[in-house]
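The values are calculated or read from the model by the stated rules, or taken from the named source; none is laboratory data. In this text, all values refer to a predicted model and were calculated from it rather than measured experimentally. Counting neighbours? That spans all protein chains shown, and the Cβs are built from the backbone with ideal geometry, glycine included.
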Amino acid sequence: MNMRAPAGHGSALHVEVVGHGPPLVLLHGWAMHGGVFAPLVERLRGAHTLHVVDLPGHGHSRGCDVPLQLEPCVAAIAAVVPPAPWCGWSLGGLVALHAAATRPAAVPALAMLCATPRFVRGPDWPHGVSAGIFRDFADGLRSDYRATLDRFVALEAFGSDHAKDEIRALRDDLFARDEPAASVLADGLELLETADLRAALPGLAVPSFWLAGRRDRLVDPRAMREAAALAGVAPDAGLHVVEHAGHAPFLTHAGEVAARLHAFLDSVAA
């Protein structure tokens, strides 16, 4: 079953709906699409109705003219999904966090997969990445589009015990739903470089769960630990680090990720 955004946003926002049970919204990362969650979907669909979103400009939402900015994205998604926890991976985590911070009635719980409120390091945020990484990728999009995306996939998988398998899976997924628009990819890189949602965490009105990959080279687990602390999350309850995993643990450790999400969602539903 598929759902699409209402008229008024130009071409439709694509949302695939699968499974049965309480709803859960899944948001993918930069340059990908909802299909990347296939291993996780298979493990969650028996207990949850999954609303798997293709972000604007990505996948089957390639023609959607909603800007790849936090508030427009959240508004467009919230218009076509029911009230539900949102789970965001990487860039999708920024979207999910903004939704939870601004619409707690519609987003009663938040799961962050290898995502933080700020991706770039600064004097008061030492565990982010260099802003130059995103600028280099932006430059690369203009000179060699496909090679740049390939380099990003390699960075996502770097450090994982299953790096070769992860790279293969991400490469297969990358263009499985058409090529992302280059202008949208540039917008996504700018969002990753400039977004800072840390101020939203102390007042976050919904429970949150933070899942990191120990060997992630894009999102340091220490940054996720700091973010969880800002949100008032107890490390022994709301934070989990997947050993031997890189930036996409739902590909290499799908069973472990699904089990942790199940436990969190069950706890907030109780």
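Checked against the criterion of being under 22 Å from LEU201 (Cβ atoms) and without any contact (Cβ under 8 Å) to a residue 24 or more places away in the chain, the range 236-250 has at least one qualifying residue.
Scanning the range 201-230 for residues that are aliphatic (A, V, I, L, M), surrounded by fewer than 23 Cβ atoms within 10 Å (Cβ to Cβ) and in a loop (DSSP other than H, G, I, E, B), we see that the one that is farthest from the chain's Cα centre (by Cα) is ALA205.
Among residues of the range 169-185 being in a helix (DSSP H, G or I), out of contact with any Phe, Trp or Tyr (no Cβ under 9 Å at 6 or more places or on another chain) and modelled with pLDDT of 75 or more, the one that is surrounded by the fewest Cβ atoms within 10 Å (Cβ to Cβ) is SER183. Residues of the range 92-136 being within 27 Å of VAL153 (Cα to Cα), assigned to a helix (DSSP H, G or I) and touching a strand residue (DSSP E or B) at 6+ places or on another chain (Cβ under 8 Å), which ones? Passing the criteria: GLY92, GLY93, LEU94, VAL95, ALA96, LEU97, ALA99, ALA131, PHE134.
When the range 44-55 is filtered for residues that are outside any loop (DSSP other than H, G, I, E, B) and within 13 Å of GLY21 (Cβ to Cβ), the ones remaining, listed by number, are LEU44, THR49, LEU50, HIS51. Selection of the range 56-71 for residues being out of contact with any Leu (no Cβ under 7 Å at 6 or more places or on another chain) and either crowded, with 24+ Cβ neighbours inside 10 Å or not in a loop (DSSP other than H, G, I, E, B) (or both) yields HIS58, GLY59, HIS60, GLU71.
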